[in-house]
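Following: one structure in structure tokens, then a few remarks.
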Amino acid sequence: MGLKTADQYEESLRKMNLKVYLLGEQVKCPADHPIIRPSMNSVKMTYALAQSPEHEDLMTAKSHLTGEKINRFCHLHQSTEDLIKKVKMQRLLGQKTGACFQRCVGMDAINAVDSVTFEMDKKLGTQYHDRFIRFLKMVQEEDLVVDGAMTDPKGDRSLPPSRQTDPDLYTHVVEKRKDGIIVRGAKAHQTGAVNSHWILVMPTIAMTKDDADYALSFVAPADADGISYIYGRQSCDTRKLEGCEIDVGNRQFGGHEALMVFDNLFVPWENVFMCGEYEFSGLLVERFAGYHRQSYGGCKVGVGDVLIGAAALAADYNGAAKASHVKDKLIEMTHLNETLFSCGIACSAQGHRTASGTYLIDLLLANVCKQNVTRFPYEIARLAEDITGGLMVTMASEKDLRHPEIGKIVEKYFKGIASVPTEDRCRIMRLVENITLGTAAVGYRTESMHGAGSPQAQRIMIARQGNLEHKKKLAKEIAGIKD
Amino acid sequence: MTGLALMNCKISERKLIGFKYCGGCNPVINRAQLVQDIQRRLSAEFTLATDQSPTQWDIGILVCGCLSACADKPDFRNLARRWIIIAGNSVDYGDAPEKDLAEIVLNKLKL
């Protein structure tokens, strides 16, 4: 098939039978649910832009497996140029959606699983890599969305998986059969899970021998028996049920996370890529996290572009655009945003080939990238709120603006400069609200903090990769200290 | 080529011209509008081609959103005998304001 159109993607989702719960009810058709649909629209954009001549150079790639043109989200990076194009593609999609477009987590998962299964097979004589490549060919040929699933609920953080009071707090094998395995547990914070065709499960931390049952990687159809989803709430999510356009801030696009639950899920052996090889779980976590920390140097930058644009428009509409401090704040926002992009590009340009042929980012620079992402979007958001003004959170509702009587009052008193309609001013303020503290803030703020690992996880990696001994040698040489 | 000469221009004599875009991650120009503008003003001696065309283009126009021109790669270069490179506010590495880009490209097509 090659590339699916956006509509074919939506059709394919409608044929699936996912068990999704939201606000205490099972959802009949996620694609039609007003809270879920904007997130599906964001994923649809990954298909739509791949069809566009103006964007195909970033959105598509040539499969090294089949030679066919495929969506870049299904591609294994074959060069540093591929790694760079990935970051640029993510920035583009952030710009087009102003939200999390969810498909990166699967792309990062397939790239990590590829190189790790290859190396695992070489060392242990297992046969996971061939299975994985068979799966990947199907993903590429059918242009599928894969949800990379890593983060376990983890229960008591002071205890390893095997010593938790409830063993299901980490996803694990409960039975090994001749034809496959039975899995129980859950994955938390699963970005885009409900918009995915398949899930690719990976272990959540480095494991020891005692945790071998938890060293587990496999794929399953997203609607397999034994998988259910509990949809995550987002700030202001029920505004989408009000039938308004302005108050939601971003009417068309959004992101989502869900708790993914495995209740005695059966997985045939051909879909298992790790089962008990605990010594490789840490490597898989490190590589997936590295790719995902690179990703944030693209996607958050694209959303940042939208937020900076919105803040600049708010300044225009407020009549404050010429104030020097406003100009300076916009410069600072741009500086921070482009610094994130620089990190994303740098860790890609410094990438290297792994044994399987797939390219990996520079792990030190990817961790520096993500460490900056845990901070800069917060500062960009703070400056956006500063420029936009308090009305962003005290403004009347769209229903008030449309009201036959009080609408005139809202129109009169929420007016900025004379040449701009009050409605436009309301729209831009609601967009800033959406990204900084509404539904999109899940992706732009807290996901920037904790997604792909919380700040301390990057600091541990920076300490490991920082080559401090080399720096000491340099200092000794300059200072004339002899060992 | 104008007037009657245009009408008499046989299809086989027309030059094949094709456009390729960069991915557009952070364009400083409106690439789609620029291409529309150029296409609208193309004389009849040119026929638009796609990268699926069986024959090599006479002229390719690479439309990149910024100066890095990241799409300028050997893979693309084989598509056409001659290339005009638009990269942000520049044509063939010479600076130009966005409003003049189409005109400069059309003049280069006459060469």
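Derivation of every value follows stated rules applied to the coordinates shown; laboratory data play no part. A quick note: this is a predicted structure, and the numbers were derived from the prediction, not measured. Virtual Cβ from ideal backbone geometry, glycine too; neighbours counted across all protein chains shown.
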- Query: Residue by residue, what Karplus-based ³J(HN,Hα) values in Hz, rounded to whole numbers, does segment A:15-26 have, using 6.51, -1.76 and 1.60 with θ = phi - 60° and x for Gly and Pro?
  - Reply: 7, 8, 10, 6, 9, 10, 10, 8, 6, x, 9, 7
- Task: For segment A:283-352, give the magnitude of the charge dipole about the Cα centre (Cβ charges: +1 Lys/Arg, -1 Asp/Glu; no others), in debye to the nearest 20.
- Result: 60 debye
- Quick one: putting +1 on the C-beta of Lys and Arg, -1 on the C-beta of Asp and Glu, what dipole do you get for segment B:18-110 around its Cα centre, in Debye to the nearest 20? 140 debye
- Query: For a paramagnetic label modelled at 7 Å from the Cα of A:Glu68 toward its Cβ, which residues of segment A:126-154 fall within the zone defined by backbone nitrogen distances under 11 Å?
  - Reply: A:137-144
- Query: Can you list the residues, at least 5 places off or on another chain, whose amide H is less than 5 Å from the amide H of B:Ser90, using H built in the peptide plane?
  - Reply: B:Ala96
- Taking amide hydrogens as modeled 1.01 Å from N in the peptide plane, which residues meet the under 5 Å criterion relative to A:Gly319, leaving out close sequence neighbours? A:Ile417
- Which order results if A:Ile417, A:Ile308, A:Ile199 are arranged by neighbouring Cβ count within 10 Å, fewest first? A:Ile417, A:Ile308, A:Ile199
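Taking each residue in B:25-34, count the Cβ atoms of any other chain within 10 Å of its Cβ, then average. What number comes out?
That average works out to 4.
Order these by the 10 Å Cβ neighbour count, fewest first: A:Tyr278, A:Tyr231, A:Tyr21.
Values: A:Tyr278 19, A:Tyr231 22, A:Tyr21 15.
Final ranking by Cβ density, sparse to dense: A:Tyr21, A:Tyr278, A:Tyr231.
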- Whichever aspartates and glutamates have a C-alpha closer than 13 Å to that of A:Lys472, once near sequence neighbours (fewer than 8 apart) are set aside: A:Asp483
- Item | Relative contact order %, chain A, counting alpha carbon pairs below 8 Å whose residues are six or more apart | 19 percent
- Under the rule rounded for a/c under 1.5, else prolate if a/b exceeds b/c, else oblate, using alpha carbon gyration tensor axes a ≥ b ≥ c, segment B:18-110 is classed as oblate
- Task: Calculate one ³J(HN,Hα) per residue across segment B:40-46 by plugging θ = phi - 60° into the Karplus curve 6.51 cos²θ - 1.76 cosθ + 1.60, and present them in order as whole Hz with x for glycine and proline.
- Result: 5, 9, 5, 7, 5, 6, 10
- Query: Among the lysines, which have Cα under 28 Å from the Cα of A:Lys329 when same-chain residues fewer than 8 positions away are ignored?
  - Reply: A:Lys88, A:Lys96, A:Lys300, A:Lys370, A:Lys415
- Query: How do B:Ile38, A:Ile361 rank when sorted from fewest to most other Cβ atoms within 10 Å of their own Cβ?
  - Reply: B:Ile38, A:Ile361
- Query: So which GluC sites (Glu not before Pro) in segment A:38-99 end up in coil per DSSP with only 16 or fewer other C-beta atoms within 10 Å?
  - Reply: A:Glu68
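Taking segment A:63-171 on its own, what percent of its Cα-Cα pair distances exceed 17 Å?
65 percent
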- Computed magnitude of the charge dipole of chain A (debye, nearest 20; Cβ of K, R +1, Cβ of D, E -1): 900 debye
- Task: Loop only per DSSP, at most 10 neighbouring Cβ atoms within 10 Å: give me the trypsin sites (Lys or Arg not before Pro) in segment A:387-483, ordered by residue number.
- Result: A:Lys482
- Query: Just in segment A:79-158: which trypsin sites (Lys or Arg not before Pro) are loop by DSSP and have at most 10 other Cβ atoms within 10 Å?
  - Reply: A:Arg157
- Item | Inter-site label distance for A:Glu338 and A:Ile478 at 7 Å from Cα along Cβ, in nm | 2.8 nm
- Two-site label geometry, B:Leu106 and A:Ile460: point separation in nm, points 7 Å out along Cα→Cβ: 6.3 nm
- Task: Collect residues whose amide H, placed 1.01 Å from N in the peptide plane, falls under 5 Å from the amide H of A:Ile199; neighbours closer than 5 in sequence don't count.
- Result: A:Asp147, A:Ala220, A:Ala222
- If you take the charge dipole of the protein assembly as shown about its Cα centre, with +1 on Lys and Arg Cβ and -1 on Asp and Glu Cβ, which of A:Gln234, A:Leu431, B:Gly24 is farthest toward its positive end? B:Gly24
- Query: How large is the helix-only mean residue ellipticity at 222 nm for chain A, computed as the sum of -39500 (n - 2.57) over DSSP H runs with n ≥ 4, divided by its residue count, in deg cm²/dmol to the nearest 500?
  - Reply: -15000 deg cm²/dmol
- Note on the structure: Per residue, the convex hull enclosing the Cα atoms of chain A spans a volume in Å³ of 176 Å³
- Task: Give me the distance in nm between label points sitting 7 Å out from Cα along the Cα-to-Cβ direction at A:His450 and A:Ile230, one decimal.
- Result: 1.4 nm
- Note on the structure: For A:Lys122, counting only aspartates and glutamates whose alpha-carbon sits under 15 Å away and dropping same-chain residues fewer than eight positions off, the answer is A:Asp114, A:Asp130, A:Glu277, A:Glu279
